[in-house]
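Inspection log for the structure reproduced underneath, given as structure tokens.
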Amino acid sequence: MLNYGSCFWVAVLEGQVVGIVAAQGREDDNTVELRRMSVDSRFRGKGIAKALGRRVLEFAMLNNYSAVVLGTTAVKMAAHKLYESLGFQRVGESEDYTLPGMSRSPVERLFFQIRYSRYRLQLHEE
């Protein structure tokens, strides 16, 4: 456990770490944020990310959170399809997202246009 309402999982295959995911509880709106899901590129397409995502959903249900949310800058459609296959719905998108450490200078804005998508999976009404 990281702290109250949060958890971190590691997927291990034959003694090798192949994926990670975190769940961070948010008391202000009784949601869990799915964070930092990553699967080693050599092991993608084997259902590991889906299993990790389901683990977060299970954690949220067992701990009576009302919804699971996530934000992503993923450019690969496979990531978006994964979230949707788990039941998430896209609830917003921003074309003007700034990564931590960016200065927002005109040059950065010219070369780094980052799309940030927000997803939500409602588990039950508050």
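The values are calculated or read from the model by the stated rules, or taken from the named source; none is laboratory data. Just so we're clear, the structure is a prediction, and the values are computed from it rather than from any experiment. Don't worry about glycine lacking a Cβ; one is built from the backbone with ideal geometry, like all the others, and counts go over all protein chains shown.
When Phe111 is tested against (1) surrounded by 10 or more Cβ atoms within 10 Å (Cβ to Cβ); (2) modelled with pLDDT under 75, exactly one condition is not met: (1).
Any residue that is modelled with pLDDT of 95 or more, more than 23 Å from Arg90 (Cβ to Cβ) and in contact with a strand residue (DSSP E or B) (Cβ under 9 Å, 6 or more places away or on another chain) - is there at least one of those in segment 31-41? Scanning segment 31-41, I find at least one residue that is modelled with pLDDT of 95 or more, more than 23 Å from Arg90 (Cβ to Cβ) and in contact with a strand residue (DSSP E or B) (Cβ under 9 Å, 6 or more places away or on another chain), so the answer is yes.
If the condition is being among the small types (Gly, Ala, Ser) and either closer than 24 Å to Arg118 by Cβ or surrounded by 13 or more Cβ atoms within 10 Å (Cβ to Cβ) (or both), then segment 1-53 contributes Gly5, Ser6, Ala11, Gly19, Ala22, Ala23, Gly25, Ser38, Ala49, Ala51, Gly53. When we screen Arg90, Arg44 for residues that are among the basic types (Lys, Arg) and farther than 13 Å from Arg120 by Cα, the only hit is Arg44.
With respect to Arg36, determine if the residue is under 13 Å from the mean Cα position of the chain (by Cα) and closer than 18 Å to Leu121 by Cβ.
So Arg36 fits the description; yes.
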